[in-house]
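Structure first, then comments.
The values are calculated or read from the model by the stated rules, or taken from the named source; none is laboratory data. Because the structure is predicted, anything quoted here is derived from the model rather than measured. For neighbour counting, all protein chains shown are included, and Cβ atoms are generated from backbone atoms with ideal geometry for every residue, glycine included.
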Amino acid sequence: MGGWVYEFAGCPDEGEDRQIAAGDEPGQVLVRERPDGADMVDGFVRESTADMMMVVRFRRVAGGDRSSSLPAIFEACAGLLQLPDEARAQ
């Protein structure tokens, strides 16, 4: 079995980004380091999943330096995850 393809929308300085990941289906929230390092992170929430194609699309909700932005990322993601499906689709 192949890996999942993660598509990231709204990445700073990149717009769209793709990454292949091995393992199980990803969760609803993902935090990753920016490619340029410098202890900067971006937080993403799952926007859609194509199970047959094994593609998951994430949308950026917050980002910045790790120490100050992680609480904001998780707060933003928690709020988005509680929206009804109809509101998330807009």
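Observations on the structure shown:
- Scanning segment 46-70 for residues that are out of contact with any strand residue (DSSP E or B) (no Cβ under 8 Å at 6 or more places or on another chain) and over 17 Å from Gly27 (Cβ atoms) yields Met52, Ser67, Ser68.
- So Met53, is it at pLDDT 80 or above and over 21 Å from Gly2 (Cα atoms): no
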